Amino acid sequence: MIIRRAVGADAPAIARITNAIIRESLITFTTDERSTTQITEDIAARGTGFLVAELDGQVVGFATHAPFRA
């Protein structure tokens, strides 16, 4: 597994991960699913503050930050 900076091409995989969490669990306060466009914009805005975990060429996780109640 490698941890690397996210790029725009990672947005579809990140969307699959985060939207499944939004739909199928109670571990987030977010109720609106994210589009790949929104995630691509977040990656661009956060730069080195948006990371992905990659295993065998597939994005299997991510980490980022966002303002809380901004």
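The values are calculated or read from the model by the stated rules, or taken from the named source; none is laboratory data. In this text the structure is predicted, and so the values were computed from the model without any measurement. Using ideal geometry, Cβ is built from the backbone for each residue, glycine included, and neighbour counts are taken over all protein chains shown. Protein only, heavy atoms only, side chains kept; ligands, DNA and RNA dropped before computing areas. Shrake-Rupley method; radii C 1.70, N 1.55, O 1.52, S 1.80 Å.
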| query | Which loop GluC sites (Glu not before Pro) in the stretch 1-59, with loop taken from DSSP, have no more than 15 other Cβ atoms within 10 angstrom of their Cβ? | reply | E33
| request: Starting from the amide H of A6, placed 1.01 Å from N in the peptide plane, find each other amide H under 5 Å away whose residue is 5 or more places distant or on another chain. | output: F50, L51, V52
| remark: In whole Hz, the Karplus estimates of ³J(HN,Hα) for the stretch 44-51 (6.51, -1.76, 1.60; θ = phi - 60°; x where Gly or Pro) are 5, 6, 8, x, 6, x, 9, 10
| remark: Computed about the Cα centre, the charge dipole of the chain from +1 Lys/Arg and -1 Asp/Glu charges at the Cβ has a magnitude in debye, to the nearest 20, of 180
| said: Just to check I understand the Karplus step: with θ = phi - 60° and J = 6.51 cos²θ - 1.76 cosθ + 1.60, what whole-Hz values come out for the stretch 18-28, glycine and proline as x? | reply: 5, 6, 5, 5, 4, 6, 10, 9, 10, 8, 9
| field | Solvent exposure of the chain as accessible area per residue, Å², 1.4 Å probe | value | 70
| the chain: chymotrypsin sites (Phe, Trp or Tyr not before Pro) falling in loop per DSSP and having at most 15 other Cβ within 10 Å | F29, F68
